[in-house]
Amino acid sequence: MGEERAVGAGWRLSDEMWGRIEPLLPAERPHPKGGRPWQPARQMADAIFYVLRTGCQWKALPRSLGAPSTVHERFQRWVAAGVFGRLWASGLLDYDERVGIDWEWQAMDGAMTKAPLGGESTGRNPTDRGKGGVKRSLLTEGRGVPVGLSVDGANRHDMKLVDRTLASIPVERPTPTPEQPQHLSLDKG
């Protein structure tokens, strides 16, 4: 009963959100040698977004949502296939159509976090006794909506991530003009 309550209807994707995700998913591979059948993609999406919303570890995923290893494998497959990047781009295009991306004022900053199991993609964190970590460089538009992101080792200087972060914008960024200038707010780093 407790697990059922913890993963109630509030953790399920809405039909609208599922309608945005489903067309972006790669085709499921057949199992020519048999094996377990693929778990339904919607169930896997519910489980993935449960982990992303709660911040729980994959192994702490309630079994009612699926086996943690199965869900994580599907998440990795979808990341490799670019599903989440295309979902972000789709959301930004929808936001631009409804509200309009405010390109006039943009802000970029970096944040370092621990990544003890990050392997080679981490760097020695200069502010945490050299432990492995990552730096996320985030670009937001004038209203604070994220429009660009890059991730590197924690030992990378913010200025070295500027070009990559600007290049990561998944939608077309207009060219600044005197009539429609663009400004970029950065900290001292």
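All other residues whose Cβ lies under 13 angstrom from that of Phe84 are scored, Lys and Arg at +1 and Asp and Glu at -1, for a net of +4. Charged neighbours of Arg29, selected by a Cβ distance under 13 Å, balance to +2 (K, R count +1; D, E count -1). Within segment 34-120, the chymotrypsin sites (Phe, Trp or Tyr not before Pro) that combine a DSSP coil assignment with at most 15 other C-beta atoms in a 10 angstrom radius are Trp38.
Values in this text are rule-based calculations from the coordinates and carry no lab data. Only a predicted model underlies this, so the values are computations on that prediction, with no experimental measurement involved. Backbone-built Cβ (ideal geometry, glycine too); neighbour counts: all protein chains shown.
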